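The values are calculated or read from the model by the stated rules, or taken from the named source; none is laboratory data. No experiment lies behind these values; they were computed from the predicted model shown. Cβ placement follows ideal geometry from the backbone for every residue including glycine, while neighbour counts extend to all protein chains displayed.
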Amino acid sequence: MSSPERLNGLTTFEWQPPQSLFPRPAAGLIAESLQAAIQYLLRLQEREGYWVGELEADSSLESDAILLDHYLGAPQPERVRKLANSLREQQTAEGGWSLYPGGSSNVSLTVKAYLALRLAGFPESDPVLRKAREMALQLGGIEAANSYTRIYLCLFGQYDWERVPAVVPELLLLPPSAYFNLYEVSAWTRAIVVPLSVIYAFQPRRNPPEGVSLQGLFVEKNETNGERPLSVSNLELSWKSFFYTADWFLATLERKQWVPSLVRRKALKKAEKWMVKHLEGSDGLGAIYPAMLNTILALDCLGYDRKTPLFARQLAEFWRLALEDQQTMWMQPCFPPVWDTAQAMFAAAASDLPPTHPALCRAAEWLLAKQVLRPGDWSVKNPKGKPGGWVFEFANDPFPDVDDTAMVLLALSRVRLPDLARQREAIRRGLEWMLSMQSSDGGWASFDRDVNKDILGHVPFADHNAMLDPSCADITGRVLETLAALGYDAQFTPARRAIQSLREKQESDGCWYGRWGVNYIYGTCFALRGLAAMGLDMREVFCLRAAEWLRSCQNPDGGWGEDCGSYDNPSLRGQGPSTAVQTAWALLGLFATDDFESESVVRGIWFLLEKQEKAGAWTDQPFTGTGFPSVFYLKYHLYSVYFPILALSEYCHRRSSGSAAARRLPELQIA
């Protein structure tokens, strides 16, 4: 590496990536691999034009499904049997249940699974439950489970309502101008907590089958009884003690029934109205599993007849998330068709498919029909913004998000439809909405703008670790890439602010934290892609440090991998068994720094080629998607298809043309 020089006041290097000692794969071999992968991807496209892969999560979903079936009073034996079989298959060797394959046992999941299996008819003496009980106690017992798990235990009399966080519906009576109000928490928290507040107000209880008890899972006996204590240590000055004291006060009001009935009725009415309104244009509240589950329970508490269209539809949408075979049933947290379709389109268009290819056009038409053109929850914090975003799921109109919108715009920028005017108008609306969602720190978050009051993370029911929705590097990088695809450069004011935001979020070792993918490999990939797309000089030191960090994480087999445990222990960043998708992310990040020739890149390409299956796809076992860091992880089954296609396509184009620059359609430039 040569000595540094100064460029626009910044330190840069005359840098050339090190040449690989490994032989480069033949161009024909890469083309053959890509052809097989593209054909595989095209076969997965639905007749309507979209792609949707399975979305896999942890065992809490199967446990909750059994709990719901029993709560409603008419469990279907065959369904419960299959769900229970799925739970048995997911039990770890040590006896618990984990947040992701290969992870350590989690106390909340283990307690839930134990109750679910008892409700399914498993005796306490069953070896599965004996091991589960021992593991639960080792992890701290029911007392150590999170608040949402303990609330669900209350539904069956296994925990005392007086000892769970007070999730009161009166929260909805606070105006948006209040420092703490419903719209200062994340969109997914709102969707979960509003119906949960109704459940808390009614505090329902169902009698479990005779003999079903979780007393053996308490470390301290009689933990389900008695008033919640308020110790002196809890009164020390801090936001945590403030919220704990407020929670104790609210729980005391609830226990003593001192909440004025008029106020409670008004709050419940507002919560009901909020839920019903947010069910319009949506496949269930938030179109996500926990909110849909809570909504069914809340509607039952409010006295809705289960045969009414509203109740019946929520139940039907919930069970539509189920997948099954002859012996097992498992639940998906939601459907990702918009996300999968945009990613698949973008990857396919990066290959040799022409912009007018029928598969791309059918997908684009499907996406255009999914654009949300009515205001949603986002407009509370962004009243001047005009609608035009896209959602993640089939239908979730109140909650479009920036990440999906940016990805759809990227995909649409690579396709040419016959009705070009309609396509340009959709892009323009989406762009305007996306720009209006920029946060005050220059970055972009998921569903809202400036939902980032850290003190709210101390609220007692914030233990799902996703109370807020701050801006993040991966979304900000994707937005920058989108802006570049639509003709903007680094001088555009929103882009300039976003670049500065990324610089401020970079870790000391050069990587970026990944909010929506595991983890630092994901964040670093999309931060670098955004910066490169904007035309930034990738010789700047902070970019070279990021590239060097990626190279340092490469595994001996030539691939890259990162375990979900890096969210709990950042010293594990970039470490884990190699996966096709994380290898693709690392390669895409290195490509952004103009590294196509280093040994790391060549070995990474060979890894993808060697791991490709005969049918044309790749298969990864580890979870590489993130729902709530440290709490909820995901496996997108199509990630290991379209991301390797994108990486191989960009590498192939660089070798054949000398440039990896994306194909741009001048007629779709908005700037």
From the list ALA36, ALA57, ALA74, which residue is of a type in the set (A, V, I, L, M, F, W, C) and more than 30 Å from ILE645 (Cα to Cα)? ALA74
Filter the range 503-529 for residues that are among the small types (Gly, Ala, Ser) and more than 20 Å from THR626 (Cα to Cα); which is surrounded by the fewest Cβ atoms within 10 Å (Cβ to Cβ)? SER508
Go through the range 439-454 and report how many residues are among the hydrophobic types (A, V, I, L, M, F, W, C) and either more than 15 Å from ALA527 (Cα to Cα) or in contact with a Leu (Cβ under 8 Å, 6 or more places away or on another chain) (or both). 2
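Only one of SER282, SER351 is assigned by TED's automatic domain parsing to the domain that holds GLU46, under 24 Å from GLY625 (Cβ atoms) and crowded, with 18+ Cβ neighbours inside 10 Å; which? Explain how you work it out, then say what you get.
Working: SER282 fails: assigned by TED's automatic domain parsing to the domain that holds GLU46.
None of the other options fit; the residue is SER351.
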So PRO127, is it of a type outside the set (D, E, K, R) and in contact (Cβ under 8 Å) with a residue 24 or more places away in the chain: no
When the range 388-445 is checked residue by residue, the ones that are aliphatic (A, V, I, L, M) and without any contact (Cβ under 8 Å) to a residue 12 or more places away in the chain are ALA421
Of the residues in the range 395-419, how many are out of contact with any helix residue (DSSP H, G or I) (no Cβ under 6 Å at 6 or more places or on another chain), surrounded by fewer than 24 Cβ atoms within 10 Å (Cβ to Cβ) and not small (Gly, Ala, Ser)? 4
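Show me the helices (runs of 4 or more DSSP H) found entirely inside the range 41-132 where at least 3 residues are under 24 Å from MET292 (Cβ atoms) and touching a Lys or Arg at 6+ places or on another chain (Cβ under 9 Å).
Counting at least 3 such residues, we get 60-71, 107-119.
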Return a yes/no flag: does the range 200-217 have any residue that is surrounded by 12 or more Cβ atoms within 10 Å (Cβ to Cβ), part of a helix (DSSP H, G or I) and modelled with pLDDT under 90. no
Per the list (1) in a helix (DSSP H, G or I); (2) closer than 28 Å to GLN39 by Cα, residue check on LEU544 breaks on (2)
Could you tell me which numbered condition GLY558 fails, if it satisfies all but one of (1) surrounded by fewer than 23 Cβ atoms within 10 Å (Cβ to Cβ); (2) under 28 Å from ALA671 (Cβ atoms)? (2)
Among THR493, THR482, THR476, which is in the same structural domain as ALA533 (by TED's automatic domain parsing), free of Cβ contacts under 8 Å to residues at least 40 places away in the same chain and hydroxyl-bearing (Ser, Thr, Tyr)? THR493
Any residue in the range 547-576 that's in the same structural domain as ASP594 (by TED's automatic domain parsing) and at positive phi: show its pairings with residues that are outside any helix (DSSP H, G or I) and crowded, with 22+ Cβ neighbours inside 10 Å at Cβ separation under 6 Å, as long as the two are six or more apart or on different chains. GLY574/GLU562; GLY576/GLY561; GLY576/GLU562; GLY576/ASP563
